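The values are calculated or read from the model by the stated rules, or taken from the named source; none is laboratory data. Everything quoted here is computed from the prediction, not taken from an experiment. Here the Cβ is made from the backbone with ideal geometry for all residues, glycine too, and neighbour counts use every protein chain on show.
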Amino acid sequence: MEKITVNLLELSDSQIELSPLLSSMEELKKEFIEETMVFASEWYKKTAKEYVTKYPEVTLNMSQEKIAKMKANVNELVGNTEKIVKGELDNPALWWHQNPNLNIAVEQYTQIADKYPEILDRAVRHVLGRLGAILEEFRFHVNAVGNIGLYQEFWFERTMGSGQIIPYYPHLLKWTEEMQNTIRKYTVQYKQAVALYNEIQKFKEQQKKQQALTRWEDI
């Protein structure tokens, strides 16, 4: 019984250390979502302008009314940025601290140069991919909804299994420094939290084995 008591004390210490880490990681998640909102809002406007000049023949063939409609659609998208970003990034499946487990690689959130963590990079690209539907509607050589045809750019991906079409920005992408720094901080805390969580699971497993042995010996 003495060993069990020692393990319980160690378990309690690890749990006490883990709790504030998880709270801090939640705050970093919220920061990243806020920073992505700012980034995406500006990115939508900037990228729409880039395509207007990237394909001038398309723009010059549009009537004033059509250009005005496209600008209105882009502005509406910008106005929905908060909802879009939260819908994509406020997802527990993206964030380890919301579902702690030992089945995720320690390097899950590591950033190397401009190669961002895939789990979050894909989510950000889904957010940005919403612009593709507007570019496709106004014939800027983008396919964002999976239609069959000749396009220069494919702004979508299909989910495994269901084959569902999801908007996706496919080109080179650079996050803001704020976004990068936030995920670097998250990565540091993630590695600390995983180590503590691993200890906690080991303590719990030891307890179960000791308790099973005690039951056996008491009979």
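Filter the stretch 184-219 down to the residues that are among the acidic types (D, E) and without any contact (Cβ under 8 Å) to a residue 40 or more places away in the chain, then identify the one that is surrounded by the most Cβ atoms within 10 Å (Cβ to Cβ).
Looking at the filtered set, the residue picked out is E205.
Pairs under 7 Å by beta carbon, first residue under 18 Å from K45 (Cα atoms) in the stretch 59-78, partner among the aliphatic types (A, V, I, L, M) and surrounded by 11 or more Cβ atoms within 10 Å (Cβ to Cβ), six or more apart or different chains?
If the second residue must be among the aliphatic types (A, V, I, L, M) and surrounded by 11 or more Cβ atoms within 10 Å (Cβ to Cβ), the pairs left are T59/V52; M70/I134; N73/I134; V74/A48; V74/I134; L77/L131; L77/I134.
Return yes when V106 is outside any helix (DSSP H, G or I) and in contact with a Lys or Arg (Cβ under 7 Å, 6 or more places away or on another chain) and no when it is not.
So V106 passes the test.
Which residue is surrounded by the most Cβ atoms within 10 Å (Cβ to Cβ), if the candidates are limited to the stretch 36-51 and must be without any contact (Cβ under 8 Å) to a residue 60 or more places away in the chain and either within 16 Å of W155 (Cα to Cα) or not polar (S, T, N, Q) (or both)?
M37
Of these, E107, E82, E65, E88, which one is farther than 13 Å from I134 by Cα, touching a His at 6+ places or on another chain (Cβ under 7 Å) and acidic (D, E)?
None of the others qualify; the one that does is E88.
Would it be correct to say that K86 is of a type in the set (D, E, K, R) and within 22 Å of E136 (Cα to Cα)?
It is false that K86 is of a type in the set (D, E, K, R) and within 22 Å of E136 (Cα to Cα).
Within the stretch 146-153, identify whether any single residue is hydroxyl-bearing (S, T, Y), modelled with pLDDT under 95, surrounded by 14 or more Cβ atoms within 10 Å (Cβ to Cβ) and over 19 Å from E26 (Cβ atoms), and answer yes or no.
Yes.
Answer with yes or no whether I16 is free of Cβ contacts under 8 Å to residues at least 60 places away in the same chain and more than 21 Å from L94 (Cα to Cα).
yes
Checking V58 against (1) more than 24 Å from L120 (Cβ to Cβ); (2) surrounded by 16 or more Cβ atoms within 10 Å (Cβ to Cβ): exactly one of these is not met. Which one?
Just one mismatch for V58, condition (2).
Considering the stretch 65-103 alone, what residues qualify as being among the charged types (D, E, K, R) and part of a loop (DSSP other than H, G, I, E, B)?
Scanning the stretch 65-103 gives a single hit, D90.
Kindly provide the set of residues from the stretch 169-183 that are surrounded by 14 or more Cβ atoms within 10 Å (Cβ to Cβ) and among the charged types (D, E, K, R), ordered by number.
Of everything in the stretch 169-183, just one residue is surrounded by 14 or more Cβ atoms within 10 Å (Cβ to Cβ) and among the charged types (D, E, K, R), namely E178.
Which members of the stretch 3-38 meet the condition of being farther than 17 Å from K185 by Cβ and either polar (S, T, N, Q) or modelled with pLDDT of 90 or more (or both)?
Passing the criteria: T5, N7, S12, S14, Q15, S19, M37, V38.
Please go through the stretch 62-98 and pick out each residue that is surrounded by fewer than 11 Cβ atoms within 10 Å (Cβ to Cβ), under 15 Å from the mean Cα position of the chain (by Cα) and of a type outside the set (G, A, S).
Selection gives K83, P92.
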